[in-house]
Amino acid sequence: MPYSLAQAARIRALLADRPAFTEKQMFGGIAFLLGGNMAVGLLGEDLIVRVDPAETEALLREPGARPFDVYGRGRPPAGWLLVARSGYKTDAGLRAWVARGTAYALSLPKKEARKPKAKR
């Protein structure tokens with residue numbers, strides 16, 4: 001499922017001042033990473049947000065939020081949420097979700113950049 005270019009532009013604008021911010025194609029959409037750790041992403045119009053697993057249950061009560069079965073095993077892991085467009089349509093709503101994802105990504109150890117595999 002392609003992701004919304006308009007929503008990706010909104011997220012880029014919020015992360016533009018972050019020097020360690022990168023983008024990567026993931027889950028059939030796009031992910032926005034800080035220090036190599038995913039903060040938020042897009043899958044169609046849905047916002048993927050990675051949060052502290054301990055906050056999952058409370059955040060699922062937010063409008064538009066639901067569990068994200070990131071591995072497709074029928075048991076969504078704690079800390080992974082999908083937020084429907086209705087839950088982040090305002091600038092303030094998007095800013096709040098991006099801030100949650102960013103805070104969690106920055107709390108994790110930075111990942112080393114992977115070296116390209118040697119050609120045989």
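Quick look at the numbers
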read-out	value
Packing-based exposure ordering (other Cβ within 10 Å, fewest first) of 68, 32	68, 32
Added length on full extension, which subtracts the Cα-Cα distance from 0.36 nm per residue, residue 13 to residue 26	2.7 nm
Relative contact order (%) - criterion: Cα under 8 Å, at least six apart; region: the chain	25 percent
Segment residue 99-residue 58, length gained on full extension (0.36 nm per residue, minus Cα span)	13.2 nm
Rounded tilt (10° steps) of 91-107 against the dominant C-alpha axis of the chain	40 degrees
Mean-position separation - Cα centroids, segment 61-90 and segment 23-52, in angstrom	12 Å
Which labelled figure in (1) 0.97; (2) 1.16; (3) 1.07 is Rg/Rh (Cα atoms, Kirkwood Rh), once derived from the coordinates	(1)
Cβ crowding within 10 Å averaged over residues, with 16-27, 50-61, 83-94, 35-46 ranked highest first	35-46, 83-94, 50-61, 16-27
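Rule-based calculations on the coordinates, nothing more; no lab input. Model, not experiment: these values are computed from the prediction. All Cβ positions, even for glycine, are placed from backbone atoms using ideal geometry, and neighbour counts span all protein chains on display.
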